[in-house]
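Each remark here refers to the structure printed beneath this line.
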Amino acid sequence: MTKAASPPPKLAFFDGDDVPLSGGYLYTYVAGTATPAKVFMNSALTLPHPNPVRLDVRGEAAVWIGDADYDFEVTDANGNTVDSFTSVTSLADEFATDPLIFYDDDGKLLSGGLLYTYAAGTTTPLATYTDSSGAVVNANPIELTSQGEASIYLTPDTEHKFVLKDALDGLIYTVDGISASIGISYFSWTDNFDRANAYILGTDWSYVPSTYISIRSNGATYLGGTTNGVASCVSEANVATFSANQEAEITIRSTAAWLIPICGPAVRVDPTFTHHGYYVECSDGVAYSVRKYGNDHGSYAVLVTTATMPMVGDKVTLRVSGTTLTLLVNDVSIWTGTDSDIATGQPGMRFRKPYTDDFYMIVDDFAAREVA
C-alpha cells in the first residue's frame, strides 16, 4: 500500500529571520471572510482551540481542522502579521514536508532527538516508513539527524501517537491522533441558485414531482402542490453520476412560519421515487433529524432526532460512506450512525410541502461531493 507523508505533529511558524515564533498567534477564519472559524485540539474535533491559538515557545501548536476551507493569519506576540495561508483544506497538504523538522524547547533544531510512534491512544508501537513506497520501515524510536530531521510516512487514514524526546530521552511533547491521507480526486458539484425565479431548479436536476421545487430569491424552496418533493443531482450537463460514498450540503437561508415546511440535504436519492434515500429534516424551530425512505416508504424509519435546533445560517451536511452516516452542522459532527438499507443513489435535497406559498423555507449554496 502506498504510504502518505505525515503532517507535522505540531504546526510550526517562524518570523522573518526564520526564528521560531515564540508566543505568536494563529488566527483562523472561514475562507474568504473575516468570520472566525473553529480549529481543534484533538482529532475527534471535540475540543476547540481559543481563537486566536497561542503558539508555544517553539512557535508551535497542535491543530486539527474540520471539513471546511480556512484562511490562517499568523502574527507575532505583538499582533504584527508574519504570514498568511488561504483556502486551507488539509494540514497535510499545506504543511507536510519531507523531511519533517523538529525543535527543542529553546526553538533550536533537535539534533539527535528521538521520536517514538504508537497506535493512537496506546503504548503499542506502530510502524512508520521512510518513503511513500513503504519498503523501508523507520526504526522506533526514530533518531533525528543533526538538523532535527526525519522522513516519516504513515499508513493512510491510520491514527498515530507521536512522543518526541531529546537525545537524553527527556520528554518534549506528546501528540495523539496524527493521520494522513493519500490525495485522491473526488468529484464535486455546486449550485448557488443565483438565477431568475422559476418553478424548476434547472436541467441539472431531476425532480419528483416535477414542478414544485423552485427558485425564489436566489435560493431553492418548495412552492405549490400537495405532495412532498425530492430533488437530486442527475447525470446531465456538467453533473456526473456520483459514487455511493457521497455527501450533500445546504445552508439555511430563511426559516418557515410553520413546522411542516421542512427541507434538507439528501444522499443516495433515487429520483424515480417520491421517497427514496437518506434525508435530513431541518424542522424549523424544533430539531435536526435523519430519516430514511426506501421505495416510497418501503423501509421508512427515523434514524435519529437530535437536540440541535436549526438556525438561519446553519450549514447542514449529510455524509454517507459505506454504511456509516454522519450529520454535520457548521462542519461539526452532531451524529454518526449506521444503516445498510440503501446502497446507491445521487446526492440532492428533500422538501416537504408548506400549507401555502406564504410559508416556505429557503435554502442556498447546495454542494455535493464524493467522499472516501
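No lab work stands behind these numbers, since they all come straight from the coordinates. Because the structure is a prediction, the values reported are computed rather than measured. Note that we place each Cβ from the backbone using ideal geometry, even for glycine, and neighbour counts take in every protein chain shown.
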Q) For Ala77 and Gln147, FRET efficiency with R0 = 22 Å and r from the beta-carbon atoms, rounded to 0.05? A) 0.25
Q | Reachable lysines, given that their alpha-carbon falls under 27 Å from the alpha-carbon of Lys292 and they are not under 8 places away in the same chain | A | Lys315, Lys353
(Q) Can you tell me which lysines have their Cα less than 22 Å from the Cα of Lys108? Leave out same-chain residues fewer than eight positions away. (A) Lys10, Lys165
(Q) Taking 8 Å as the Cα distance limit and 6 or more residues as the minimum spacing, I'd like the relative contact order of segment 4-178 as a percentage. (A) 23 percent
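Cut-off is 10 Å between beta-carbons; in what order do Ser214, Ser289 appear when sorted fewest neighbours first?
Working: Ser214 25, Ser289 20.
The most exposed by this proxy come first: Ser289, Ser214.
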Q) Taking the Cβ-Cβ separation of Thr336 and Thr190 as r and a Förster radius of 25 Å, what is the calculated FRET efficiency to the nearest 0.05? A) 0.50
Q) Considering the zone a paramagnetic label at Thr97 would reach in this model (a point 7 Å from Cα along the Cα-to-Cβ line), which residues of segment 3-23 have amide N under 17 Å from it? A) 5-22
Q) Put a dot 7 Å past each Cα toward the Cβ at Phe14 and Thr344; how far apart are the dots in nm? A) 5.3 nm
Q: Please list, or write none, the aspartates and glutamates whose alpha carbon is within less than 15 Å of the alpha carbon of Lys38, excluding same-chain residues fewer than 8 places away.
A: Asp67, Asp69, Asp71, Glu73, Asp314, Asp331
